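Here is the structure we will look at, set down as C-alpha cells.
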Amino acid sequence: MEILKPTDLKKKFNDPWIAPYEKVITMADNDLVEIVEYHPCISGSHWLVNQYKNTSKLILNAYRDGNKQVFLTKVGKEPLNLKASVNAAGIEEVAIDDENNTVKVVHSGLAGAGVGAGMCRGMGDGIKQVEIYEKGGGSKLGKAGVITPKMEKVVIGIDDTDTKDEGATWTMAHNVGIELKKEGFEYLDHIIVQLYPHNPHKTQNCVSIALTFAVFPEEKGKLIKRTIELLKRDTLSDKTAIAILNGLTIPQELFEYSMKAKTGMVSVKEAEKVAKDLNIRLIAVTGNHGKIGALAALGLYNDPDEAVKVYY
C-alpha cells in the first residue's frame, strides 16, 4: 500500500490516461455519509453513477448533476462482486474517524473505473491523502481509500426577498450563495421549490429557495450570521425569513409540511409549530411571513423534480 497526498500523486503520475477530479467533499451525520465529487468530465460521471448504484450495497441514493456526482451512503464494509461492463466499479467501505475528523471511502473498479478509484480522485481538491492498494489501468483492478475532512451539511431555506415591483428571490439567494463561496464557504447547490400557485400573498411565481452548504462544525454559526447580514443588506422585502436544517435526513413531518405548502395555504403559526417540533431554527430577517416558504424549501431540497412541480 502507498499513502500519498494529492501533490505527491501529481508528481509521481502524469500519465495521459489520468484525469484529475476537481474536488471531493464528504459530509457525515451519525452513520450516514454524503459524498460530493466533481468529475473531470461534464457528463462522463453518468456511467459511473449507474455502475456504483448497481454494484454497491452501501449506496442508498446516487445522482448526477452536470459533472457533480453525489452518493448518499451507509457507514460500513460490503465486498463487491465486480464484473466488467455490468458491475465495473463501486464503493466497498465507508468509515468515519471521529478522532481525526476524517472520512475514508474505499473505491474499487476495473480498467478505467479502477484508475478513477484512486488515481483520478486522489488529485482533486479536498483530499487529505489516498491509500493506493491497487494502481489499476488496462484490464487490471484499481482500489484505493480516499481520505477527506469530515464536514457537515447545512441547508438554508430562504423566502420573500422581492416585492411586486422589483426583485427575484431565486437570483438574490444564488448571489448570496456566491458571495458566501467567495468568503470560503462550500456552496453546493441551489434548489427552487414551487409553492402554492394560488396564494393571494405571492409576488408572482410563488417559489422559495434552498441553498445547501458543506461546513465544518465550527463554521456553522458564522455561515448563518453572514447569510442574515447579506440578506438584510440586499432584500427588498419586509417579510424576508430563513430556516436552517442540519444533517443528511429530512424528517417525514417536514416533507409533509412542504407538500402542504405546495398544494394549499399555510399560516406562519403552523410553520413555527412544525419548526419547533422538529428543532429547526426559523429566523425572521426582516419579517415573519417568509418563514412559511423558507421552511417549505427544506423539505424538498433533495428532490428537485418534485420541488419544481406545480399543483393546481
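Values quoted throughout were computed directly from the atomic coordinates according to the rules given, and no laboratory measurement underlies them. Everything numeric here is computed off the predicted structure, so don't read it as measured data. Every residue, glycine among them, receives a Cβ derived from its backbone with ideal geometry; neighbour counts consider all protein chains shown.
Model label points for Asp8 and Asp31, set 7 angstrom from Cα along the Cα-to-Cβ axis, are 3.3 nm apart. Considering only Pro16, Pro197, Pro40, the mean-square fluctuation computed in a Gaussian network model of the chain, springs between alpha carbons under 10 angstrom, is largest for Pro16.
Under 5 Å from the amide H of Lys128 lie the amide H atoms of Ile147, Thr148, each residue being 5 or more positions distant or on a separate chain, with H modelled from the backbone and absent for Pro and chain starts.
If you take every DSSP beta bridge whose two residues both sit in the chain, what share of them, in percent to the nearest 5, is antiparallel? All intermediate terms of the calculation are to be shown ahead of the outcome.
Numbers: 75 of 78 bridges.
DSSP beta bridges in the chain are roughly 95 percent antiparallel.
Full extension of the chain segment joining Met1 with Glu306 gains 105.3 nm, where the gain is 0.36 nm per residue of separation less the Cα-Cα distance. Sequence-distant contacts, meaning Cα pairs under 8 Å at least 6 residues apart, place the relative contact order of the chain at 16 percent.
Amide H to amide H, with H built 1.01 Å from N, Tyr63 comes under 5 Å of Val70, counting only residues 5 or more places away or on other chains. Each residue, Leu60 and Glu78, gets one label point 7 Å from its Cα in the Cβ direction; the gap between the two is 1.2 nm. So I have [x] 6, 26, 29, 20, 13, 4, 0; [y] 5, 24, 31, 24, 12, 3, 0; [z] 5, 21, 25, 23, 15, 7, 3, 1, 0, and one of them is P(r) over Cα pairs in 10 Å bins from 0, in percent calculated from this model. Which one is it? From the options [x] 6, 26, 29, 20, 13, 4, 0; [y] 5, 24, 31, 24, 12, 3, 0; [z] 5, 21, 25, 23, 15, 7, 3, 1, 0, the structure gives [x]. Which FRET efficiency value, to the nearest 0.05, is calculated for Lys220 and Glu22 with the Förster distance at 22 angstrom and r the Cβ-Cβ distance? Efficiency, from the Cβ-Cβ distance: 0.35.
For a quick check: sort Met1, Met151, Met265, Met119 by the number of other beta carbons within 10 angstrom, fewest at the front.
Numbers: Met1 9, Met151 22, Met265 14, Met119 26.
The most exposed by this proxy come first: Met1, Met265, Met151, Met119.
Given contacts defined as C-alpha pairs under 8 Å and at least six residues apart, what's the relative contact order of the range 2-151, whole-number percent? Relative contact order here is 27 percent. Extension gain, Glu179 to Glu134, is 12.1 nm, computed as 0.36 nm per intervening residue step minus the present C-alpha separation. Approximating the spin labels as points 7 Å out from Cα along Cα→Cβ, the Glu166-to-Ala95 distance works out to 5.8 nm. Computed from backbone phi, the HN-Hα couplings of the range 67-73 come to 8, 8, 10, 10, 10, 9, 10 Hz, rounded to whole numbers (Karplus: 6.51 cos²θ - 1.76 cosθ + 1.60, θ = phi - 60°; Gly and Pro given as x).
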